[in-house]
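**Q** Quick one: this structure, given as structure tokens, is what I'll be asking you about.
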Amino acid sequence: MEITKVILTSFLSAVSLFVIAKIMGHKQMSQLDFFDYITGITIGSIAAELATELEKPWKPLISMIIYGIITVCLTLITSKLPKTRKFINGTPTIIMNGGKIYKKNMKKAKMDLSEFMVMCRQEGYFNLNDISTAIFEYNGRLTILPKATKRPINPTDMNIIPPPASITTEVIMDGRILEDNLKRLGLNLNWLNNELKCQGYKSPKEIFLGICDDNNELTFFV
């Protein structure tokens, strides 16, 4: 009987956590602000408690729901009232600009010099002389603007106008033809089979992934 309760409360915990996470929305860890991070940890801890609470599982369940509601409400408030974002999420802090490192701003961001150097290297900058401006964002990421002479060359710099970029569509995955995607591209099975033969394949089962661009050019990965 007790094992059955554990199974039921664990299932309830997993379902509740999934539903609340869907309502709160998806964010990568690097995109979480301070409150989202704390709330996520708290809800996870409550969910673990719910999984093992056999007597009164509704108590941690209510707590999870309340935390979820608070997070959603704060998200709505910050979207409707931009001025509240500074108070709730914080503001970006300029750590370096024009070759000067701002020590006061670094202390304000609770960052030491070693951490700053590590974050610069993580962004691909091993020489501080290559950096024009470094901003510590409220989500804990470091955004870097390189000096004009150190930024990558783009087509505009060379007066080149490249053709518009386009996305590719999967037409074969794990040896299976995705007919809906083919129809969306205005293509059919006969066309795909002919393309397979032209590239030396006898069957779509030989293809691990097949993608097609807007110009109907196929690329196969086996």
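**Q** Leaving out same-chain residues fewer than 8 places away, which aspartates and glutamates sit with a Cα under 17 Å from that of residue 197?
**A** Hits, sequence-local ones excluded: 206, 217.
**Q** Express the carbon and sulfur contribution to the solvent-accessible surface of the chain as a percent, rounded to the nearest whole number, probe 1.4 angstrom.
**A** 60
**Q** Return a whole-number percent for the relative contact order of the stretch 72-222, with Cα pairs under 8 Å and 6 or more residues apart as the contact set.
**A** Values: 166 pairs, mean separation 23.7, N = 151.
Across the stretch 72-222, relative contact order equals 16 percent.
**Q** Please give every one of the lysines within straight-line cross-link reach of residue 202, meaning a C-alpha to C-alpha distance under 29 Å, and leave out same-chain neighbours fewer than 8 residues apart.
**A** 183
**Q** Give the cross-link partners of residue 86 among the lysines, using a straight C-alpha distance below 28 Å as the criterion and excluding same-chain residues fewer than 8 apart.
**A** 22, 27, 100, 103, 104, 107, 108, 110
**Q** Counting other C-beta atoms within 10 Å, and keeping those with at most 16, which DSSP coil GluC sites (Glu not before Pro) do you find in the stretch 156-222?
**A** Sparse-neighbourhood loop GluC sites (Glu not before Pro): 217.
**Q** What does the accessible area per residue of the chain come to in Å², with a 1.4 Å probe and no ligands, DNA or RNA counted?
**A** Details: 15770 Å² over 222 residues.
About 71 Å² of surface per residue is accessible.
**Q** Continuing with the same structure: Once each part is reduced to its C-alpha centroid, what is the distance from the stretch 139-161 to the stretch 40-87 in angstrom?
**A** Measuring centre to centre over Cα atoms gives 40 Å.
The values are calculated or read from the model by the stated rules, or taken from the named source; none is laboratory data. None of these values were measured; they are calculated from a predicted model. Glycine gets a Cβ as well: all are built from the backbone with ideal geometry, and neighbour counts include every protein chain shown. Note: areas computed on protein heavy atoms with side chains; ligands, DNA, RNA excluded. Shrake-Rupley method; radii C 1.70, N 1.55, O 1.52, S 1.80 Å.
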